[in-house]
C-alpha cells in the first residue's frame, strides 16, 4: 500500500481505500488461482507477489522470494541478459509470449534447471508492475525433440534400423527401405538375419557385447544382402538401446551405402600401384641405361686417350683438337652418367635406418669438401646438431652436396661463408638451414633448381646439375622436405625439415 | 718407356672377360706396368669353368691370378667366383673382381663370395697396378706353387 498524500481518518475507512483493498484482494486471489506459476514484478525487477504454483515449481517458500530480484529464478548465465531484457520491456510494455522459440530455462532453489515458457503482461492498474506467467514445458520440449528426431530419422538417407537383442527388427526407416529394398511393413518383426550374407554371423550383436559402457561403436565396414539378393558394401555404426534401468535391450544401427566409396578406393589403389610400378620401372630404366651406357663410353674414353698419348705425332693440329673434343665429351658424359646412376640409386636401394649423429655427419661432409673449401678460403660454421634416425650414408651425401654447392656458387672475390643452423620446431620436427653468402638463386628458378640436370648457371660453373636433385631425393626418402630461400646477404638458404621420429614404415 | 720387368718369368693370369676392348686394355695395362704375364683369356663363364676344371685335374697349370669380370653372358661372374672358392684345388688363387659398376652392393656381394680384391674399371689406374704388384709380390716371395716351382 502506498502513501499518496491523501488524508485518512482512523477508524473510519475511506471508501476509496476500501475499494482499492478489495481490488487488491481480488487480484491476489486471481493470481493465486492461476493454473501456472505467476510472478508479479515491479519496475525495479523485484518480486512483488507469487502464487502457490510458483512455490511448487521453483521450490521456494514465498517469503523467500518476495522483494528479491526476479533473476533469482533464472540460471546464473542468463541473469545479466535478463536484466537488460527487463529494462527493454519496461520501456516498451505490451503482452508478450516468450519461450516458444527461445530455449528459456528456469532455476529451482536447489539449482536444477527446467524448460519454461513465459508470457508477460503489464498490469494496467498499477504502473510498472508486470505479471509473468511461467509454465514448466519440460515434457513438451522433450516431446518436440522426440518428434524432431523422429522426423530426422524418417527422412534420413542413411538406413536406420532398431532391433531387439534377439535380432528382431523393431524400426525401419525410409533410408533402410531405399538401401535394402524392403519396406518397413515387410521387415518389422522379422529377424535381422535376412540382411546377412550366407554364413556370416551378425557382427552387430557380437559387437554389442563389446560396447558395454560405450554406447556408440566405431564405424564398421561390412557387406549386407538386399531384397533382390545383391550384395552391398555398407559402413555401420551401432548404438546400444537401453531400458530405464540402463540394461541393453537392443541395438540401433545406422548404415550407409559405401559402394561408391569402395569403387573410388579401389580405383585409387590401382592407380597408386600403377604409378609406383611405372616409377619403379623408370628408375630401373635409368639405372640399367646408365649402367650399360658406361661400358662403351669407358672404351671410347680409354682408346681416345691412348690415341692422344701415342699417336699424337700422326695427326695434325686440327686432328689433335678433334681428339681433345672427344676426350672432353666422353669425360663430361661419364660424369653425367655417374650422376644419373647416383640419383637413381637413392631410393632404389632400401634405406638403412639407424640413429645418426648429424654433428658427425656434417663433420665428415666438411672433411670431404675441405680441399675445395681451402682453395676459396671458405669458412663453415655449424650449430650443435641433433641425433636423428636416418640413413647415415645418404645424409652424408646430402650435406656433401649442399656444402659443395655453397662453396662452388660463391661471389667473385668474396670468400664463401656457410652456416648450418638447427632449430627444433614446436611439432618436434628438425629444421636445418644451410645458408651461404653466394650468388643465390632467383625466386623464379628455385623450384627448377631441383630438376635433374638443371644447370641454372650454364657453363659458368662446373657440374652436372644433379646435386640438388640428389639432395631432394635423399630428404624425401627421409619423409622430409627441402626448400630454397634467401639468406640475409642474398645468398642461398637451403631449408630442410626432417620429421622428429621416423619409423621404418614411414620411410619410402 | 718401359722399365725392366721385376721378374724373369711371366705371371700366369686367367682373364675372364667377354669384352674385346677390355681384353686389350687389360693386356696393355700389364704392359704399361711392366708386369710380364702369360695371359689366358676365357670369354665367358662356361669357358672359364672348363679351363679351371682341367687345371684342377692337373691337365694344365693352375693360374696364379684370376681377373674376373662380373658381367658375363650366361654363367655370371659371381657364380664363377663361388665355384673357384669352393674347390680346394682352386680356392687359394687370388681373384681380382673387375666391375664397371660403382655400386657398393656389387662390391659387398663380391667380397661375400671371397673375392680377394675388387677393382672398378678402367684398369689402367694406379689402383689396379698396385693391386697386381701386391699379388705378384705375394706369389713370388711368399708362396711357392708346387706345380711351378
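Every read-out reported here was derived from the displayed coordinates using simple, explicitly stated rules and does not represent laboratory data. It should be emphasised that the depicted structure is a prediction, and the values quoted were computed from it without experimental measurement. For neighbour counting, all protein chains shown are included, and Cβ atoms are generated from backbone atoms with ideal geometry for every residue, glycine included.
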| query | At what distance in angstrom do the alpha carbon centres of the stretch A:151-199 and the stretch A:16-78 lie from each other? | reply | 53 Å
| remark: Percent antiparallel among DSSP beta bridges confined to the protein assembly as shown, nearest 5, equals 75 percent
| Could the peptides A:172-182, A:107-117 be put in order, highest first, of the mean number of other beta-carbon atoms found within 10 Å of their residues? | A:172-182, A:107-117
| Sorted by Cβ neighbour density within 10 Å, fewest at the top, the residues A:447, A:338 | A:447, A:338
| said: Taking the beta-carbon count within 10 Å as an exposure proxy, list A:355, A:486 from fewest neighbours to most. | reply: A:355, A:486
| message | How large is the translational diffusion coefficient of chain A in µm² per second when you combine the Kirkwood radius over alpha carbon pairs with Stokes-Einstein at 37 °C and 0.692 mPa s? | response | 100 µm²/s
| query | If you take the Cα atoms of the stretch A:265-408, find Rg, then find the Kirkwood Rh from the mean of 1/r over all pairs, what is Rg/Rh? | reply | 1.13
| query | At each listed q (0.09, 0.19 Å⁻¹), what is the log10 of I(q)/I(0) that the Debye formula gives for the stretch A:185-337 modelled as equal alpha-carbon point scatterers? | reply | -0.57, -1.15
| task | Could you check what % of the DSSP bridge pairs in the stretch B:11-140 are antiparallel, to the nearest 5? | result | 0 percent
| So what does the Cα-only Debye profile of the stretch A:290-370 read at q = 0.13, 0.23 Å⁻¹, as log10 I(q)/I(0), no solvent term? | -0.65, -1.04
| Per-residue Cβ neighbour rank within 10 angstrom, fewest leading, A:145, A:105, A:38 | A:145, A:105, A:38
| message | How far apart, in nanometres, would the label points at residue A:316 and residue B:86 be if each is projected 7 angstrom from Cα along the Cα-to-Cβ direction? | response | 6.3 nm
| message | Please compute the modelled spin-label separation between residue A:114 and residue A:360, points set 7 Å along Cα→Cβ, answer in nm with one decimal. | response | 7.5 nm
| field | Separation of alpha-carbon centers, the stretch A:464-500 and the stretch B:41-107, rounded to whole Å | value | 45 Å
| query | Helix-derived [θ] at 222 nm for chain A: sum -39500 (n - 2.57) over DSSP H runs of at least 4, divide by residue count, nearest 500? | reply | -13500 deg cm²/dmol
| task | Using only atoms on other chains, find how many Cβ atoms lie within 10 Å of each Cβ of peptide A:300-307 and report the average. | result | 3
| note | Percent of all Cα-Cα pairs per 5 Å bin for the stretch A:242-301, counting from 0 up to the last occupied bin, reads 4, 13, 9, 9, 7, 8, 7, 7, 7, 6, 5, 4, 4, 3, 3, 2, 2, 1, 0
| message | Modelling each spin label as a point 7 Å along the Cα-to-Cβ direction, I'd like the residue A:127/residue A:146 distance in nm, to one decimal. | response | 5.0 nm
| remark: What one gets for the stretch B:1-88 as the Kirkwood radius, inverse of mean 1/r over different Cα pairs in Å, is 13.7 Å
| What does the convex hull of the alpha-carbon atoms of the stretch B:11-140 project to on average, in nm²? | 7.1 nm²
